[in-house]
Amino acid sequence: MIPADIRQQLNQAHARGDYQPLLALIPYAGLIGIECERQGDDLLFRLPANPDNIGNPLLPAIHGGVIAGFMELSAALYLLIYSESASIPKIIDFSIDYLRAGHFRDTYAQCQLWRQGRRVTNVAITAWQGDRDTPIATARAHFKIEPEKPLK
Amino acid sequence: MNETPLMAMAQRFLSALKHCQVLQMRVHHADADGMTLVLPWSPAIVGNPQNGAVHGGVLTTLMDTTCGMATLCALPRFEVCPTLDLRIDYMHTAEAGKDIYGHAQCYRVTRDVIFTRGTAYQDDPSQPICQVVGTFMRLGQDVKGGIRFGNSLKEGRA
């Protein structure tokens, strides 16, 4: 279950459009340096260029695992805010297609909730750098959620 | 543990990857059958503060690196092999405080593509935290940076 104080923090973060206090609760969010901002009714996630996230020293390029972690975390945060799950969404599986090298610059991600079932959700995530129409990676994830009301 | 040329090459390769150094990843074992890396648990890699569970992104990073480095075990010479795709199935959460091992092997090598699979586990390899399949593109040795990087690995300058 999501404790009442966390739930309140969530609602407050979304109302104010300031997600920093929420991100501060997640150590991995700080490790890679994810940021989140409101864009109308949607959320835009940003991963600022950070030398600690480099995987290929020659290009240089962001580690593919960091790009995947950024996208998975974006999807989880998106669900925390937009799904009515009574608990923290739990990842079931994650599949990513790498389309281009993620260069050493800011990376963005946006999520699309394709299906919210009673117990499982399907989310698609797109990540890009300069141009939203030329993504560096696309991914999709299934998360287990808990219905607000018990199933039986 | 015996220091084989493959182990030494794997260690040099891993030491060139900044984010893997941040995560303090090390080569545990490498032979013709596959690559095993180890990632020590630390508070910084936690994704769920309620139970101390490691974030999936850390496991993805471990397994992307392990699967990618498993190509070193299967190729006669170093080639740059970027990830085409990766799929992770999460079996159960990683326990706080315990090292995480990643093991991967190449099960098919073609002219252009390498198919890999692997698992991450803590105490017991038969109880994996996650199962992974990943496909890697062979860019050969002629790509920009490829041969230079390959040579520097051979000579231990990376």
* Can you name every residue in region A:30-52 that is of a type in the set (Gly, Ala, Ser) and touching a residue at least 12 places away in the same chain (Cβ under 8 Å)? -> A:33, A:49
* Taking residue B:129, is it at pLDDT 95 or above, within 14 Å of chain A (Cβ to nearest Cβ), surrounded by 17 or more Cβ atoms within 10 Å (Cβ to Cβ) and more than 28 Å from residue A:103 (Cα to Cα)? -> yes
* Asked: residue A:55 versus (1) assigned to a strand (DSSP E or B); (2) touching a residue at least 24 places away in the same chain (Cβ under 8 Å); (3) more than 22 Å from residue A:24 (Cα to Cα): which is the lone unmet condition?
  -> (2)
* Total residues in region B:99-118, condition assigned to a strand (DSSP E or B) and under 12 Å from residue B:37 (Cβ atoms) -> 6
* **Which numbered condition residue B:8 misses (of (1) within 14 Å of chain A (Cβ to nearest Cβ); (2) surrounded by fewer than 17 Cβ atoms within 10 Å (Cβ to Cβ))** => (1)
* Output the number of residues of region A:77-97 satisfying the condition of being in contact with a Pro (Cβ under 7 Å, 6 or more places away or on another chain) and surrounded by 24 or more Cβ atoms within 10 Å (Cβ to Cβ). => 0
* Search result, residues across region A:85-107 that are assigned to a strand (DSSP E or B) and within 9 Å of chain B (Cβ to nearest Cβ) -> A:90, A:91, A:92, A:93, A:94, A:95, A:96, A:97, A:98
* Structure fact -> Checked region B:73-89 for anything outside any loop (DSSP other than H, G, I, E, B) and within 8 Å of chain A (Cβ to nearest Cβ); matches are B:83, B:84, B:85, B:86, B:87, B:88, B:89
* Structure fact -> Checked pairs for region A:16-29, first surrounded by fewer than 18 Cβ atoms within 10 Å (Cβ to Cβ), second modelled with pLDDT of 90 or more and among the hydroxyl-bearing types (Ser, Thr, Tyr), C-beta under 6 Å and 6 or more apart or across chains, list as none
* Selection from region B:33-67 of residues that are surrounded by fewer than 21 Cβ atoms within 10 Å (Cβ to Cβ), within 8 Å of chain A (Cβ to nearest Cβ) and assigned to a loop (DSSP other than H, G, I, E, B) -> B:49, B:50
* **Criterion violated by residue A:42 - all others in (1) in contact with a strand residue (DSSP E or B) (Cβ under 6 Å, 6 or more places away or on another chain); (2) farther than 20 Å from residue B:68 by Cβ satisfied** => (1)
* Only one residue in B:96, B:30, B:70 is within 13 Å of the chain's Cα centre (by Cα) and either outside any helix (DSSP H, G or I) or of a type in the set (S, T, N, Q) (or both). Which one? -> B:30
* Qualifying residue in region B:79-92 (condition: hydroxyl-bearing (Ser, Thr, Tyr) and crowded, with 18+ Cβ neighbours inside 10 Å) -> yes
* Would you check which residues across region A:30-47 are more than 12 Å from every other protein chain (Cβ to nearest Cβ), outside any strand (DSSP E or B) and either surrounded by 12 or more Cβ atoms within 10 Å (Cβ to Cβ) or at positive phi (or both) and list them? => A:40
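The values are calculated or read from the model by the stated rules, or taken from the named source; none is laboratory data. Remember, predicted model here, so these are calculated numbers, not experimental data. Because the Cβ atoms are built from the backbone with ideal geometry, glycine has one as well, and the counts that use them run over all protein chains shown.
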